[in-house]
Amino acid sequence: MKLSEYVAYDAVGLAELVAHGEVTSGELEAVALKAISAVNPLINAVVETWPAEGGEGADQTCAGAAPLAGVPFLLKDLGVSMAGKRVELGSRLAEGSVAPADSNLMRRFRAAGLATFGRTTTPEFAYGITTEAVLYGPTRNPWDLDRSAGGSSGGSAAAVAAGIVPVAHATDAAGSIRIPAASTGLFGMKPTRGRVSMGPDVDEIFNGLAVQGSVSRTVRDSAAVLDHIRGPESGDPYFAAQPQRPYTEEINRDPGRLRIGVVTQGGGRRPTESTVLDAVSLTAEHVASLGHHVEEATLDLGVSWEEFVLANARLWTANLVPWLDALAAGSGRSIDRSTVQAETLASYAWGREVTGPDFVSALGVRNTVSRSLGRCFARYDLLLTPTLPELPPHLGVHAEGVEDLDGLGWLDRLLDRSPFTAAFNVAGTPAMSVPLATDPTTGLPVGLQFAAGFGREDTLFRLAGQLEQTAPWSHRTPPAWAGAH
């Protein structure tokens with residue numbers, strides 16, 4: 001199979017080729033490695049590869065039984081454990097760490113037949129919305145190599161956008177699936193809290209703010225992956241009721257006439273750029289033309305923006321402290337500028353000062369936000385917002401003057417630059433970024449976010465399928481594209 005042929009298929013399409021005996025999983029792995037050789041020197045998205053587990057065996061034992069058998073797949077270097085493989089979390093503090101066993105999610109990736117053969121970059125501890133870890137170096141956007149691919153799943157997004165793999169693992173604690181999807185022109189769905197197990201080593205990450213998922217070029221790939229990783233495991237602290245039917249069926253169902261509220265300005269100081277506002281307006285017109293009811297709305301968090309940022313900072317930094325302490329104890333390394341970046345060190349120091357009452361107060365804000373958004377989704381089926389208020393920034397912009405920030409200041413900077421995504425992590429509700437627009441001046445992708453009430457991924461997938469049919473995006477490819485080689 002040629003690279004130009006490989007990149008023409010999504011994951012479901014490649015799996016069908018394997019199932020029908022038209023290509024072997026070994027051939028797919030070989031061409032995926034060629035894709036890495038072609039574009040990874042430009043984008044720096046993949047940090048390690050290994051022989052895909054399953055290999056040729058997928059052709060005999062998995063095809064038909066496992067829905068995505070033989071499809072090349074990459075793991076984000078955080079949030080999932082694969083036995084015997086390194087999990088370095090984008091940090092020098094964790095450099096060389098090896099997972100002793102599979103996590104629940106990894107077992108489900110295996111059961112789906114995905115041929116995992118490498119890992120992708122992440123900012124240090126996923127603690128950023130751009131992927132520029134000191135350990136790996138910056139990950140570059142395939143659409144413009146001087147710009148960020150977003151974060152914290154920036155490596156996975158850059159790899160998918162450049163055609164290395166059709167779908168890749170991603171996580172999302174404040175927008176880390178949707179931000180890089182928007183930055184690189186992909187589809188990215190953040191599932192409901194409790195939809196995918198975090199076990200067995202942890203019950204929740206960042207007090208339920210973080211979830212597991214993927215980024216992909218097609219809606220059906222994200223639906224297929226979520227279908228095969230969803231569902232609770234013994235001991236999980238959260239539970240989301242299982243859907244009535246597979247999400248891969250939802251994408252072909254009529255969404256009906258949806259009530260959609262449109263929000264154009266976030267709660268922070270940063271105004272939404274005009275090109276993004278234009279994209280929101282055009283998207284609102286398009287969904288209205290499909291028969292949906294669209295009206296302007298506001299995103300009421302139930303607390304002030306300052307209270308929202310403070311609560312997130314308390315939850316994030318307090319969780320960071322035992323995480324770093326455990327890594328330092330296990331590695332014998334100290335926690336200082338030789339092992340962690342300035343923003344991480346400042347957040348660690350700030351988190352050590354968070355008191356028990358502070359932490360409980362932050363959980364109270366989480367409850368207030370959840371209840372307020374619950375009332376919002378009683379009025380609207382979906383909310384439409386920009387995924388990001390601006391085009392992907394140039395590399396280095398987010399870190400300017402970081403030495404002068406404390407932990408609260410760093411979180412304030414991140415949320416100010418991504419004011420539309422984190423609320424749905426706090427509330428635990430699903431949201432997706434859809435690559436419906438491009439900036440006419442630069443050609444850069446613009447992602448539009450749709451959010452739904454708790455457990456309503458089905459509604460999102462129905463609309464996503466409708467949008468993919470009526471405003472397709474798969475024909476758009478970036479300059480750094482494996483298929484060009």
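Just so you know, all these numbers are worked out from the coordinates, no wet-lab data involved. As the structure is a prediction and not an experimental result, all values here were calculated from the model. Reconstructed Cβ throughout: ideal geometry from the backbone, glycine too, with neighbour counts over all protein chains shown.
Kirkwood's formula applied to the C-alpha pairs of the range 375-485 gives a hydrodynamic radius of 16.4 angstrom. When the chain is described by a simple charge dipole with +1 on each Lys and Arg Cβ and -1 on each Asp and Glu Cβ, the residue from A288, P180, I129 located farthest towards its positive end is A288. In this simple spin-label model, placing a label point 7 Å from the Cα along the Cα-to-Cβ direction at both D203 and Q244 gives a separation of 3.3 nm. Which length gain, in nm to one decimal place, applies between E16 and E307 when the Cα-Cα distance is subtracted from 0.36 nm times their residue separation? Answer, rounded to one decimal: 99.8 nm. In terms of packing, defined here as the mean over residues of other Cβ atoms within 10 angstrom, the peptides 177-190, 22-35 line up highest first as 177-190, 22-35. Summary of packing: across the peptides 354-363, 255-264, the per-residue average of other C-beta atoms within 10 Å ranks them, highest first, as 255-264, 354-363. Within the range 361-376, what residues put their amide N at less than 19 Å from the label point 7 Å along the Cα-to-Cβ vector of D300? 365-376, by backbone N distance to the label point. Net length available on complete extension from R476 to A111 is 128.2 nm, with 0.36 nm assigned per residue and the Cα-Cα distance removed. Helices of the chain meeting both criteria, an alpha-carbon length of 30 angstrom or more along the long axis and an average Kyte-Doolittle score not below -0.5, with helices taken as full DSSP H segments, are 305-331, 356-379.
List the relative contact order of the chain as a percent without decimals, with contacts defined as Cα pairs under 8 Å and 6+ residues apart.
19 percent
Each residue, E233 and S331, gets one label point 7 Å from its Cα in the Cβ direction; the gap between the two is 2.4 nm.
Please sort 279-289, 5-15 by packing, taking for each peptide the average over its residues of neighbouring beta carbons within 10 angstrom, highest first.
Values: 279-289: 17.4, 5-15: 21.3.
Ranked by mean Cβ neighbours within 10 Å, highest first: 5-15, 279-289.
Each Lys and Arg adds +1 at its Cβ and each Asp and Glu adds -1 at its Cβ; summed about the Cα centre, the range 146-251 shows a dipole of about 360 debye. Got a sec? Which residues in the range 240-255 would a label at Q469 touch, if it sits 7 Å along Cα→Cβ and we count backbone N under 14 Å? Label zone hits: 249-255. Potential lengthening of the chain between T49 and A30 amounts to 5.7 nm, from the contour at 0.36 nm per residue minus the alpha-carbon distance. What separates the Cα centres of the range 211-285 and the range 400-473 is a distance of 9 Å.
Under a Cβ-Cβ cut-off of 10 Å, what is the net charge of the residues other than P191 that fall near it, where Lys and Arg count +1 and Asp and Glu count -1? If you can, show how the numbers build up before the last one.
Details: positive: K190, R193, R195, R230; negative: D172, E457.
After counting each charged neighbour, the total is +2.
Dipole of the range 3-484 computed with +1 at Lys/Arg Cβ and -1 at Asp/Glu Cβ about the Cα centre; of T139, P445, W50, farthest Cα towards the positive end is P445. In this label model, R257 and T442 are separated by 4.0 nm, measuring between points 7 Å along each Cα→Cβ vector.
Put a plus charge on the Cβ of each Lys and Arg, a minus charge on the Cβ of each Asp and Glu, and nothing anywhere else: the dipole of the chain about its Cα centre is then about 540 debye.
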